[in-house]
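Working notes, structure below.
The values are calculated or read from the model by the stated rules, or taken from the named source; none is laboratory data. Every value quoted in this text rests on a predicted model; they were computed, and no experiment measured them. Don't worry about glycine lacking a Cβ; one is built from the backbone with ideal geometry, like all the others, and counts go over all protein chains shown. The protein model used for the area step is the full one, side chains on, heavy atoms only, and it has no ligands, DNA or RNA in it. Shrake-Rupley method; radii C 1.70, N 1.55, O 1.52, S 1.80 Å.
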Amino acid sequence: MGSSSPIELEVASLLIETLHLEMAADEIDPTAPLFGDGLGLDSIDALEIALAISRRYGFELKSDDEQNHRIFASLRSLAGHVAKHRARPDAKV
Amino acid sequence: MSEGAASDSASAGLLPLTGRAAGEILFRRATGETVTRERFLLDVEATAERLPERGHALNLCSDRYRFLVAFAAVLVRGQVSLLSSDRTPHALEQLVAAYPEAYAIGDEADRLPLPGVEHAPLRLEERRRRPGAVPLVPARRIAAVVATSGSTGAPALHAKPWGALVACSEAAADRFGFSGPGTAASIVGTVPPQHMYGFETTVLLPLHAAVSSYAGSTFFPYDVVRALEAAPAPRVLVTTPLQIRTLLAAGQALPSLEAVISATAPLPVELAREAEAAWKTRVLEIFGATEVGSIASRRTVEGELWRAYRTVTLRPEGEEGAAVGVAHLPGEVLLADRVEVLDGGSFRLLGRRADLVKLAGKRASLAGLNAILCAIDGVEDGTFFAPDDLDTNAAARLSAFVVAPHRSEAEIAAALRARVEAPFLPRRVVKVPALPRNDVGKIVRAVLAELHRDAARRRRHPELS
């Protein structure tokens, strides 16, 4: 299990809070798949995550982004996408 | 087709693939391109010519228009489409096991790892010629077999005669005002085409009602808003309670909506009221089940009574049950929900039966899930647990309690993932020394609920354990 960067821990906290997961932010392996074998999230969860991200970071996830399956592949890729696209980099989190 | 020819075909039990007139628009694609009846018929002809000579085709297309072309080509070739909204490998393997000669059809991106199943690619090419006559299909021909999770863990299969699908489209068109003269409505649907509600309302309806449907992706709120903006008025959003809630929470302005149609789960009246106010529209609900398709509708804010479609008959059966007859479906079907049948084709839902759980537009039997759990190697006893707020809290999920001294929670969760659809996976697997069973071996729910609360507390406060 790799160790998480600050942005990864921040996005992990958002996932835990949004999905009511019963774990701590540093318990989510940043490289494990979020869907399927890893956390076992489903499409309902993906919608909730998209909503939480748009509220917290001020940008929208969209289906026509061909990178989508890669964005949702792991906490690390999702956090990377957030870091790149957040509209309010200095927003209080 | 002239009136005379139509009635001759009908008396011979034949129904046209589409009742739309020449030049009418059936679909709008993500590129902005519109699909006329002629373009659709050409695509069906070209696709049908290339299909393998087999009896069954597993339709995996995620693009709604490509799904329709594959379905129609399979139909006119006299083959049967297999539909499963559950795309887990286990479910598809079980479905294909029931039809070993089946092939899969879809885009390269839709390809799924199914050992031994040939994948027929779907290619749409521009053909500059006039299509032949609209194909006529026997009303009794089985057009599709729709799979749902069964109570034993194996999929339940529901055969759909072409006549039943056409009758449902026509009844829905009448009910929602999509028939007769006037401007064709633009449907934007967010439900997968393989789901019975998505199949009927966003794929089949454009064949027989004055609507066009949107083919592109509509998963995230951003996608839905863009699709609606690109659609000509009058616009109709075909969606689910969950997506209504998400779209409202996203707080984005929507273009004018003629109506919102919701199905797959009961829509709370407060949410319907909020959506009607925010989007200045009517929020309508469809009631249905995979076995019978859509059978009734209501405007949620007007009350709890459902009005059955004109093609549907209902009669009380057993304790709080209803037997449903649908045009062109053989025999009656007992609804899985608890229902009070009233006069004049209306009814009231009394709630779900205790064994039934509904999540993400899918239905599962707790007994079936328990059978899967107990079949896992090393599990001596086990049960799923549905929290009390499962029907009202969109974030609520199942838990599982297991007696498995030599297996870890993670191992059990991993074994379930291969066999259970994601919405029904337990958020938490809790190992216990024994399940609380009473004198006759029945599990005591109150004790499970207490265990459930304890487990949640210990997770939040590890020092307590």
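Please return the ranges of strands (runs of 3 or more DSSP E) entirely within segment B:61-178 where 1 or more residues are assigned by TED's automatic domain parsing to the domain that holds B:LEU51 and within 18 Å of the chain's Cα centre (by Cα).
Numbers: elements: B:80-84, B:103-106, B:119-121, B:136-138, B:142-149, B:155-161.
Output list reads B:80-84, B:142-149, B:155-161.
Which of the numbered conditions does B:ALA21 fail, given that it passes all the others? Conditions: (1) assigned to a helix (DSSP H, G or I); (2) among the small types (Gly, Ala, Ser); (3) farther than 22 Å from B:LEU112 by Cβ.
(1)
Condition test on B:THR34, is it modelled with pLDDT of 95 or more, within 24 Å of B:ALA109 (Cα to Cα) and β-branched (Val, Ile, Thr)?
Values: modelled with pLDDT of 95 or more: yes; within 24 Å of B:ALA109 (Cα to Cα): yes; β-branched (Val, Ile, Thr): yes.
Judged against the criteria, B:THR34 is a match.
Looking only at segment B:218-233, decide whether some residue is closer than 29 Å to B:LEU335 by Cβ, acidic (Asp, Glu) and more than 13 Å from chain A (Cβ to nearest Cβ).
Scanning segment B:218-233, I find no residue that is closer than 29 Å to B:LEU335 by Cβ, acidic (Asp, Glu) and more than 13 Å from chain A (Cβ to nearest Cβ), so the answer is no.
Looking only at segment B:278-331, which residues are touching a Leu at 6+ places or on another chain (Cβ under 9 Å), within 17 Å of B:ALA173 (Cβ to Cβ) and of a type in the set (A, V, I, L, M)?
Hits for segment B:278-331 are B:ILE295, B:ALA296, B:ALA308.
Being at pLDDT 90 or above and within 10 Å of another protein chain (Cβ to nearest Cβ) narrows it down to one of A:ALA12, A:ALA52, so name that one.
Numbers: A:ALA12 fails: within 10 Å of another protein chain (Cβ to nearest Cβ).
Of A:ALA12, A:ALA52, the one residue that is at pLDDT 90 or above and within 10 Å of another protein chain (Cβ to nearest Cβ) is A:ALA52.
Looking only at segment B:22-31, how many residues end up being open to solvent by 50 Å² or more (accessible area, probe 1.4 Å) and more than 16 Å from B:LEU124 (Cα to Cα)?
The initial filter retains those residues of segment B:22-31 that are open to solvent by 50 Å² or more (accessible area, probe 1.4 Å), namely B:22, B:24-25, B:30-31.
Now drop any that are not more than 16 Å from B:LEU124 (Cα to Cα), which leaves B:22, B:24-25.
Count: 3.
Quick one: B:VAL74 ticks every box in (1) in contact (Cβ under 8 Å) with a residue 40 or more places away in the chain; (2) buried (at least 22 other Cβ atoms within 10 Å of the Cβ); (3) in contact with a strand residue (DSSP E or B) (Cβ under 6 Å, 6 or more places away or on another chain) except a single one, so which number is it?
Checking B:VAL74 against (1) in contact (Cβ under 8 Å) with a residue 40 or more places away in the chain; (2) buried (at least 22 other Cβ atoms within 10 Å of the Cβ); (3) in contact with a strand residue (DSSP E or B) (Cβ under 6 Å, 6 or more places away or on another chain), the one that fails is (1).
Given the residues B:GLU125, B:GLU118, B:GLU108, which is the only one that is acidic (Asp, Glu) and touching a Lys or Arg at 6+ places or on another chain (Cβ under 9 Å)?
Values: B:GLU125 fails: touching a Lys or Arg at 6+ places or on another chain (Cβ under 9 Å); B:GLU108 fails: touching a Lys or Arg at 6+ places or on another chain (Cβ under 9 Å).
When all the criteria are applied, what remains is B:GLU118.
When residues of segment B:231-266 are filtered for being part of a loop (DSSP other than H, G, I, E, B) and open to solvent by less than 10 Å² (accessible area, probe 1.4 Å), how many remain? Break it down into steps so the answer makes sense when it comes.
Our first condition is that a residue be part of a loop (DSSP other than H, G, I, E, B); within segment B:231-266, this holds for B:231-234, B:240, B:251-258, B:263-266.
This time we only want the ones that are open to solvent by less than 10 Å² (accessible area, probe 1.4 Å), so: B:231, B:263.
Qualifying residue count, segment B:231-266: 2.
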